[in-house]
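Below is one structure, written out as structure tokens; the observations come after it.
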Amino acid sequence: MLVSTYHEAMELYPPFGPYLIRTELFGIPLAVRWYGVLIMTGALLAAWLAGRRAAARGIDSDHVWNQLMLGLVMGIAGARLYYVAFEWERFAANPWSALNLTTGGLAIHGVWIGALLSAIIYTRWNKLPFWEWLDICMPGFLLAQAVGRWGNFFNQEAYGGPTTLPFGVRIDPEFRVPPYNNLQLYPPDQLFHATFLYESLWNLAGVAILLLADQRYGKLAPTGKRWLRDGDILFLYGIIYSLGRVWIEGLRTDSLCLNGVGGDCAGSIRVAQLISLIVIVVCAVALYLNHHRPPADAAVAVPAGPDDDPRLTTTAEVGER
């Protein structure tokens, strides 16, 4: 009895439904979902952290807040387009239904595409250093992912298969995917892997690693310890997040597969795992190449002209000539 009570105390179950607010205002339906609130909370925390990091590098922190709305719009659009592209058969009969975000279907790899495009646009328009800008933003971006994942908890989605762990998540029958909606095999008190929790904790650990690495070996580290180059934090982010996504995705029951959605992706592969493996390889290669090229401010010899004294100058000075 004590063991049963202990397990019940440890299990995860949302104290509220998916809605923070659900009412009518002058006859007009008004609904605010926890998922949306948590995404915005994560975005604001990300901007706050990125603003502090930008200011420490002498970049106006207002740029972070100015880009926030562009990044949100393009990120969400990218997330939805990415999902719809892999699930077009579901939306083909009624393409307009793809605009209804309340039906689920936002993919983080699509967010990457949209957010990256927004960064390209914003840094070019405002003449900001692109790679350094991404390095500034990535720890906050990962923090936003850690917070936003809790939206899955309130929606009772993105959970894993059955588990005997005491801190599993309890899922109501109406939110279960087959075959877990068979209450004879999987009773109402069956616990499932809390994959949203695993990813949230993994992301928080990743934030700590990125910040610590940047502090000790980044641009603001003491002279002689500045091992990291522009772009490295981005590449480390890609490796860290993707390593976690590979194993966590393997536990989920609602994965986007190359042959559909849900189950164990029998006869196919989970799209997120495939993309994550590709990202790991690409970022590892990029990190290697980034450290096997001359730094941007490396000194190079310039041949002496008739009116010049032999000297060393930087590559930036060569370009100015």
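Summary table below
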item	result
Hey, Ala79 within 28 Å of Phe175 (Cβ to Cβ), in the same structural domain as Ala158 (by TED's automatic domain parsing), in a loop (DSSP other than H, G, I, E, B) and at pLDDT below 90 or not	no
Subset tally (residues that are part of a loop (DSSP other than H, G, I, E, B), out of contact with any Gly (no Cβ under 9 Å at 6 or more places or on another chain) and closer than 14 Å to Leu12 by Cα) for segment 159-190	9
Odd one out for Leu204, checked against (1) surrounded by fewer than 18 Cβ atoms within 10 Å (Cβ to Cβ); (2) in contact with a helix residue (DSSP H, G or I) (Cβ under 9 Å, 6 or more places away or on another chain); (3) farther than 19 Å from Ala50 by Cβ; (4) in the same structural domain as Trp133 (by TED's automatic domain parsing)	(3)
Of all residues making up segment 94-128, the number that are modelled with pLDDT under 65 and among the aliphatic types (A, V, I, L, M)	3
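The values are calculated or read from the model by the stated rules, or taken from the named source; none is laboratory data. Predicted model, so just to flag it, every value in this text is computed and none were measured. A quick note on method: Cβ atoms are made from the backbone with ideal geometry, for glycine too, and the neighbour counts reach across all protein chains shown.
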